[in-house]
Every structure is written in C-alpha cells, then in structure tokens.
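What follows is a set of notes on a single structure, which appears directly below.
The values are calculated or read from the model by the stated rules, or taken from the named source; none is laboratory data. A quick note: this is a predicted structure, and the numbers were derived from the prediction, not measured. Backbone-built Cβ (ideal geometry, glycine too); neighbour counts: all protein chains shown.
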Amino acid sequence: MNVLIIGSGAREHAMGWKISQSPALGKLYFAPGNPGTANLGVNLSLSAGDFPGIGEAALEHGIGLLLVGPEGPLVEGIADYFSREEKLKHIRVIGPKKSGARLEGSKDFAKEFLTRHHIPTARYASFHKEETEAGCRYLETLRPPYVLKADGLAAGKGVVILESLDEAKAALREMTAGKFGKAGDVVVIEEFLKGIELSVFVVTDGKEYVILPEAKDYKRIGHNDTGLNTGGMGAVSPVPFADAGFMQKVEQRIIQPTIRGIQEDQLDYTGFIFFGLINCGGDPKVIEYNVRMGDPETEAVMLRIESDFLELMNAAATGKLASYQLRTAPLVATTVMAVSQGYPGDFEKGKVISGYDKMDGACLFHAGTRMESGQLTTSGGRVLAVSATGQSRDEALAICYQNLNLISYEGKYFRKDIGFDL
Ligand code: AMP
Ligand code: GLY
C-alpha cells in the first residue's frame, strides 16, 4: 500500500520512519516533508492546506492511506474533502473530520464536550468578545493564578497564565480585542490546576481504541522548566507516575467516556486523540484535547512501538481495532530537541549543520532543516530531534546527549535536563 503523510516536522519524520519498517508498505510520500523524510520516501512540494493539490497527487501516486500529522488541515476539513470527492472516497484517511477536529480547534467546544460527558477537567466559563466586562467580573470571583485560553488555534500561544487580577483582565481585553485574531473571539477562563502533566494517546475508529505508549513533554525553553513556552524541547516515555492504577483511572474516567461521547455526539472520528492530562493528587484531569499525535512525544513514542504501525493505521481505518493487540518495547525512549539560538524569540536561519553523519545508536528526526546545494542547513526554531532507547531513562538520555554533541551548527542549543522531574 502506498502511503502519503501530510506535514513537515519531526513528528511526521518519526511516523514515516516507523511506517517504512512495514512489509505492507509500497511507496511512501510526504507533503511537503523535509530533508529527513526525503531519505525515506518522496517529498511532494505541496502545502498541507492545498487539498485539491493533495487529492490530485494522491490519485497520481496510487495512495491507499493518507496520514495527517498536524491539526491545521484537520480543522480545515481535509478528511471531509477526501470523503466528499467521488474520486478520493476510496482513500483511507487517518485524522478526524472537521466536526471531530473541533475538539482541538475550539477550546470552548472541547470544554462543553468534557462537561456534557462528565469527564474530569478544570471548572470554566467562556466569554464572547462582546462579554469582555462580564469576563472581568468572572475573573474577580476566581483565585490566582488565572488561566485564559483563546478559543481557536493560535499556534500554541493562545494560553496565558497570570498571577495578578489586573494582568488577567488586561490579557482578556487584549485577547478579545484581537491579539490572536479570530481565535480570541471567544475566551475560555478556567480554574488553575496544580500537578504534573502527561500526554496520553489513543488511535480510534470512533468506537474501539488502542492506547499508545504515554509520554511527558518539556515545553519550556530553559532548564528546570523555566522561560518561554516552545513547540517542545524533549520527551520521555514511559512516564513513571503513570502506573497501572493511574492508567486505569485514565481509561475509565477519561478515555472511555470520550469515545462514548464521540459516538453520542455523532462525531465521525478516525485518527488519534491526544489527551493532555494533569495528575492532580493521583486523579487525572483533562487540560486539553488534540486530534493528532504530539510533537516531540511522537519522536519518543514511535521507538517504543514494536507492532507494525501501518497495520495499526489500517486496522483503525477499516474498523478492526477491537481485537488489535499493540506490542510495545519494555524500554525507555527519550528525545531531545536541538533548537536555534534565540528560539522561541527571533533566531537566524541558514546555519550549516554538520556531524550528523557520525551519529551512532540514535535516531535523527528533522524538524526545521533545509537542503541547500547539497548542504544541510537550519531553517526553523526547532531544528533536529535526537531519539534513543535504553534500559533506563539515564541510559536513553546519555545516548541522545552523546549524539547531540556530535552535531554542530552555529547557535545550537538544547536542554540538558530532559526528564529531570520524573
Ligand atoms: P494548551 O495550549 O491547552 O496545551 O495549554 C498550554 C499549557 O498551559 C498546558 O500544557 C499547561 O501547562 C497549561 N495549562 C493549561 N490549562 C491549565 C490549567 N487549567 N491549569 C494549569 N495549567 C494549565
Ligand atoms: N507536545 C505538545 C503538542 O504537540 O501539542
């Protein structure tokens, strides 16, 4: 079977790496992919939002399975497009339709869903931009810190947490005045939850589900989780506190009611659900839903999956998950992201990357790279993910760090404390 993966990051590179190990794979394509994915398959120079272009390419290359990496095209309806177009209907799509993608595309919708289906989450209220003053009065009834979330997609920047009431009111006014564009037309204000976060993933056909290895990601730029939020600086799987007892609570209180809710609400859903959870004194609560895999969690999770990932995707796309048994490696997988100096603020691009050919015992997944006249250069804030497995977290991390030290480019930065809190 020929497979087309939509996206251009290290997440898509890692999924492609895993799928390329499947004996069931014919040819592998990426749209648009990156210099790393070019070693696994063919990069098609199409943007993830060009549905007609992707549809044409899928026909031309005899694609049987379309795997959508990022949330953007899902929220914009790529799965709906493929099911609507007569000539594309036969292609299996991993990724929900627009109706289901709202679980990520609208935080207000997600909170209503969680409440309607009695799934544990922070208490909240939503305010339309015309209700900004009511939102300010609501803030007065809460205790700090204050959590404000722009309803729509805001490239991971739409959540702010503030210590003082005045700052919170000012942030609310900025959001509803258009700081995040239309994403801030509605703002969710919610109770602050204290605890340690983790990411839990399932693959579902909307009825049955398979739980993938969980992971913890490290979002802040600085050591000890300080400084600005990034797209993710590293990840570890498994998560020690997610033991059998905790995961049983996650499954019974969160995963099962979510799947039942998807059915009750008739959301047409085939794909991943990423539960952003927080462990509040032993009880899991939902911070957010995402309708795709996590980045950089995927770059660790893929290394722990022993099963044929393409077979799993096909089982999801054909409603055969009920009897599916996932095999996972009893190893620790870690990933550490190398970024550009200055990120997540301003940074320079076009720095020549060398030394990656000397890597040993680790996987290299490209995030923000370009091939310029035969030379690999940096082209983004997050540049490369280095992933490894070991018998212990320390062993896996040591392999990541040894290999990261072999890679050079001007302004290379990475966190040296991934997993510090576990
Ligand atoms: P999100 O964009 O929804 O992933 O939120 C970004 C980050 O904000 C999360 O990963 C949490 O660290 C934090 N956060 C979101 N909601 C809450 C909450 N209710 N309480 C505490 N922290 C939160
Ligand atoms: N690692 C968090 C995310 O992918 O949103």
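Does ILE262 count as modelled with pLDDT of 95 or more and in contact with a Phe, Trp or Tyr (Cβ under 7 Å, 6 or more places away or on another chain)? Quick ask: steps written out before the conclusion?
Working: modelled with pLDDT of 95 or more: yes; in contact with a Phe, Trp or Tyr (Cβ under 7 Å, 6 or more places away or on another chain): yes.
It is true that ILE262 is modelled with pLDDT of 95 or more and in contact with a Phe, Trp or Tyr (Cβ under 7 Å, 6 or more places away or on another chain).
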Considering only the stretch 106-150, state which residues are under 20 Å from ALA168 (Cβ atoms), free of Cβ contacts under 8 Å to residues at least 60 places away in the same chain, more than 14 Å from ligand 1 (Cβ to nearest atom) and not aliphatic (A, V, I, L, M). HIS128, LYS129, GLU130, GLU131, THR132, GLU133, GLY135, CYS136, ARG137, TYR138, GLU140, THR141
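Under the condition of being more than 25 Å from the chain's Cα centre (by Cα) and surrounded by fewer than 14 Cβ atoms within 10 Å (Cβ to Cβ), which residue from the stretch 165-186 is nearest to LEU142 (Cα to Cα)?
ASP166
Go through the stretch 38-51 and give me each residue that's within 18 Å of the chain's Cα centre (by Cα) and either buried (at least 17 other Cβ atoms within 10 Å of the Cβ) or not in a loop (DSSP other than H, G, I, E, B) (or both).
Of the residues in the stretch 38-51, the ones within 18 Å of the chain's Cα centre (by Cα) are 48-49.
Of everything in the stretch 38-51, just one residue is within 18 Å of the chain's Cα centre (by Cα) and either buried (at least 17 other Cβ atoms within 10 Å of the Cβ) or not in a loop (DSSP other than H, G, I, E, B) (or both), namely ALA48.
Being in a helix (DSSP H, G or I), out of contact with any Gly (no Cβ under 6 Å at 6 or more places or on another chain) and of a type in the set (Lys, Arg) narrows it down to one residue among LYS169, LYS194; which is it? Outline the logic, then answer.
Values: LYS194 fails: in a helix (DSSP H, G or I).
Answer to the check: LYS169.
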The lone exception for THR230 - which of (1) more than 12 Å from ligand 2 (Cβ to nearest atom); (2) within 19 Å of the chain's Cα centre (by Cα); (3) of a type in the set (S, T, N, Q) it fails: (1)
Among (1) surrounded by 22 or more Cβ atoms within 10 Å (Cβ to Cβ); (2) within 24 Å of GLY72 (Cβ to Cβ); (3) of a type outside the set (Asp, Glu); (4) at pLDDT 95 or above, the one test that ILE221 misses: (1)
Just to check your reading of the model, which residue among ALA398, ALA338, ALA388 is assigned to a helix (DSSP H, G or I), modelled with pLDDT of 95 or more and among the small types (Gly, Ala, Ser)? ALA398
Out of GLY178, GLY227, GLY195, I need the residue that is away from ligand 1 (no atom under 16 Å from the Cβ) and of a type in the set (Gly, Ala, Ser). Which one? GLY178
Taking the condition of a type outside the set (D, E, K, R) and crowded, with 21+ Cβ neighbours inside 10 Å, does LEU59 pass? no
Applying the selection to the stretch 5-36, what residues are in contact with a Phe, Trp or Tyr (Cβ under 6 Å, 6 or more places away or on another chain), of a type in the set (A, V, I, L, M) and surrounded by fewer than 23 Cβ atoms within 10 Å (Cβ to Cβ)? none
So TYR324 passes all but one of these: (1) away from ligand 1 (no atom under 16 Å from the Cβ); (2) assigned to a loop (DSSP other than H, G, I, E, B); (3) under 28 Å from ILE196 (Cβ atoms). Which condition number does it fail? (3)
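Conditions tested, residue by residue: (1) within 24 Å of LEU28 (Cβ to Cβ); (2) of a type in the set (Lys, Arg); (3) within 16 Å of ligand 2 (Cβ to nearest atom).
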{"position": "ASP295", "(1), (2), (3)": "yes, no, yes"}
{"position": "THR298", "(1), (2), (3)": "yes, no, yes"}
{"position": "MET302", "(1), (2), (3)": "yes, no, yes"}
{"position": "ALA316", "(1), (2), (3)": "yes, no, no"}
{"position": "VAL336", "(1), (2), (3)": "no, no, yes"}
{"position": "PRO344", "(1), (2), (3)": "no, no, yes"}
{"position": "ASP357", "(1), (2), (3)": "yes, no, no"}
